[in-house]
Amino acid sequence: MKAAQRNRVRIIGGQWRRRLLDFPDAEGLRPTADAVREKLFNWLGQDLPGWHCLDLFAGSGALGFEAASRGAASVVMVESNRAACAALRANQTMLNANNIILECADGVKLLTQQAPVLTQSKFDLVLIDPPFASGLQASVLTMLPPFLNAGAYVYVEHDGSLQLPAGWIVWREGRAGHAHFNLLQQG
């Protein structure tokens, strides 16, 4: 398969349905599969009108652009890889995605420092999909509560070894190949 075909992901729902997003080769970058995104948004009710979302390790942007396409009022996308961030900005421009705020920064540092982009409003949905080898999922979950609205959902992808910190309950869960995914809420 050619790199150009391999480094594309399709938005599956909302106003940008069927639009293709390009992303670069980067270590640990693996877009969330179409079937997994479809399941996630079925769980959430398809559309997210007025929701405030945070895509903390945006990578290809598949999750964040999907949320924005489905009517989210705002999606803060955070990505530390410069090439991936440049591709996210190009895709944002191509889609004229005015509801997306892009931060080219380390997501964990932004949480730790309580960066203004994360404290302007609380979030209804947080998407956590860092490279599996990073092991960041559990530590990020412990930092999230101050940034969440009541009843917020947190989607997390992991390799199956995630030990949930206290205070979280699994609302829905699934598996696709080596990827495990959970939709969580605070207990």
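The values are calculated or read from the model by the stated rules, or taken from the named source; none is laboratory data. Computed from a predicted model, the values in this text were never measured in an experiment. Reconstructed Cβ throughout: ideal geometry from the backbone, glycine too, with neighbour counts over all protein chains shown.
Quick notes
- Any hit, the range 108-125, residues being in a loop (DSSP other than H, G, I, E, B) and either surrounded by 21 or more Cβ atoms within 10 Å (Cβ to Cβ) or within 15 Å of the chain's Cα centre (by Cα) (or both): no
- Only one entry of Arg70, Arg10, Arg37 meets the criterion of being under 18 Å from Phe132 (Cα atoms) and in contact (Cβ under 8 Å) with a residue 24 or more places away in the chain, and that entry is Arg37.
- Some residue of the range 115-138 being out of contact with any helix residue (DSSP H, G or I) (no Cβ under 8 Å at 6 or more places or on another chain), among the hydrophobic types (A, V, I, L, M, F, W, C) and modelled with pLDDT of 95 or more: no
- Residue tally, condition aliphatic (A, V, I, L, M), exposed (fewer than 13 other Cβ atoms within 10 Å of the Cβ) and part of a loop (DSSP other than H, G, I, E, B), over the range 126-181: 1
- Matching residues, the range 169-187, being among the hydrophobic types (A, V, I, L, M, F, W, C) and within 18 Å of the chain's Cα centre (by Cα): Val170, Trp171, Ala176, Ala179, Phe181, Leu183, Leu184
- Scanning the range 51-73 finds one or more residues that are touching an Asp or Glu at 6+ places or on another chain (Cβ under 6 Å), on the phi > 0 side of the Ramachandran plot and at pLDDT 90 or above.
- Residue within the range 57-70 that is over 15 Å from the mean Cα position of the chain (by Cα), farther than 25 Å from Thr112 by Cα and small (Gly, Ala, Ser) present: no
- Any hit, the range 96-114, residues being within 23 Å of Ala179 (Cβ to Cβ) and touching a Cys at 6+ places or on another chain (Cβ under 9 Å): no
- All strands (runs of 3 or more DSSP E) inside the range 1-92 with 3 or more residues being exposed (fewer than 15 other Cβ atoms within 10 Å of the Cβ) and touching a helix residue (DSSP H, G or I) at 6+ places or on another chain (Cβ under 6 Å): none
- If the condition is being over 17 Å from the mean Cα position of the chain (by Cα) and either closer than 27 Å to Thr119 by Cα or in contact (Cβ under 8 Å) with a residue 12 or more places away in the chain (or both), then the range 150-161 contributes Ala150, Gly151, Gly160.
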